[in-house]
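See structure below.
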Amino acid sequence: MIIRDIATLKQTIRGWKQAGETIGFVPTMGALHEGHLSLVTQARAQAQRVIVSIFVNPTQFNNPTDLATYPRTEAQDIALLGHVDAIFIPAAETMYPAGFSSTVRVSAMAGILEGAHRPGHFDGMATVVTKLFSLTEADSAFFGEKDWQQLQIVRRFVQDLNLPIDIMACPTLRESDGLALSSRNRRLSPEGRKSAPALHAILQQTATAIRQGHPIAEALDKGRAALVAAGFGPIDYLACCEAESLTPVTTVFTTKHDNVGLRLLVAAALESVRLIDNIVI
Ligand code: AMP
């Protein structure tokens, strides 16, 4: 069932709730690929009803060109989602009617890493996701580890605002050559597509160096140089952070980091296509 308006969404959900059914929710911006579908599969396994939203949220784009060129493949997305209970595809005016003026902001993480390079991005994301949680009344929502910082921010505001929803993390789906699936990959030329797996390979090399005890700042510098050599640029960041708080760690890996968990995160452009990835250290 395709739903575009809030009244129909609410009515549908009321029916499910009255029947005592659990609801799993997968928010997306469309241009769906196997990575999105893996979230849907996990939602299906854990909830009786599954809602997927497709909404290219304008407020989380700081760059108008990025918003304009973001791939939109609605008919194909709907076909791929054949088996879900509801697909919510609101118009921008449905989500942001005249007079809209509220924002959800996770101050501690909004301005670092992705947030430093995409001002306002996470405020837009957190606000729309809060609205979608409220609209879908979902018991659980499924997010990809591919967007690691997003996942931590969602976990944070759900805890801070006492939202009654469980956040489930799903592993990053990759091509056989290591490239993380992304809607943006389709904007790469065949040549760019060949270079793109270097992003993941360099993350792995850097993580290994850090784990082996190399000074972190040096390992990161080497990783950045390797990215440039592989044709990436600009490199927005290559950073080693505590996994949950995203506090940067710049000295040497020690066993105490095993307790907090460390994550290596990267954002770099290839042929003007901005790619992000992250792995555990
Ligand atoms: P997006 O449509 O890019 O906003 O992504 C919607 C959801 O799919 C987010 O929770 C992403 O983290 C997740 N996702 C995107 N790519 C992947 C992937 N390669 N593997 C797993 N999840 C993904």
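The values are calculated or read from the model by the stated rules, or taken from the named source; none is laboratory data. The structure presented is a predicted model; accordingly, all values stated were derived computationally and were not measured. As a convention, Cβ positions derive from the backbone with ideal geometry for all residues, glycine included, and neighbour counts pool all protein chains shown.
Check the stretch 25-44 and report whether any residue there is within 30 Å of S245 (Cα to Cα), modelled with pLDDT of 95 or more and among the basic types (K, R). Yes, the stretch 25-44 contains a residue that is within 30 Å of S245 (Cα to Cα), modelled with pLDDT of 95 or more and among the basic types (K, R).
Please indicate, with yes or no, whether at least one residue in the stretch 54-61 is surrounded by fewer than 14 Cβ atoms within 10 Å (Cβ to Cβ) and either within 13 Å of the ligand (Cβ to nearest atom) or within 21 Å of M168 (Cβ to Cβ) (or both). No, the stretch 54-61 contains no residue that is surrounded by fewer than 14 Cβ atoms within 10 Å (Cβ to Cβ) and either within 13 Å of the ligand (Cβ to nearest atom) or within 21 Å of M168 (Cβ to Cβ) (or both). Restricting attention to the stretch 62-71, does a residue exist that is within 11 Å of the ligand (Cβ to nearest atom) and of a type outside the set (V, I, T)? The answer is yes; a qualifying residue exists.
Selection of first residues in the stretch 195-207 that are buried (at least 17 other Cβ atoms within 10 Å of the Cβ) and of second residues that are charged (D, E, K, R) and in a helix (DSSP H, G or I), restricted to Cβ pairs under 8 Å at least 6 apart or on distinct chains, gives the following pairs, ordered by first then second residue: T206/K222. Of these, S183, S176, which one is small (G, A, S), without any contact (Cβ under 8 Å) to a residue 12 or more places away in the chain and within 16 Å of the ligand (Cβ to nearest atom)? None of the other options fit; the residue is S176. Counting only residues that are closer than 12 Å to D139 by Cα and away from the ligand (no atom under 13 Å from the Cβ), the stretch 29-51 holds 6 of them.
Condition check ((1) of a type in the set (K, R); (2) at pLDDT 95 or above) across all residues:
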residue: W148; (1), (2): no, yes
residue: R155; (1), (2): yes, yes
residue: I167; (1), (2): no, yes
residue: R174; (1), (2): yes, yes
residue: R184; (1), (2): yes, no
residue: A198; (1), (2): no, yes
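Please tell me if V26 is more than 9 Å from the ligand (Cβ to nearest atom) and of a type in the set (A, V, I, L, M). No.
Against the numbered list (1) under 18 Å from the mean Cα position of the chain (by Cα); (2) closer than 23 Å to L161 by Cβ, N62 comes up short only at (2).
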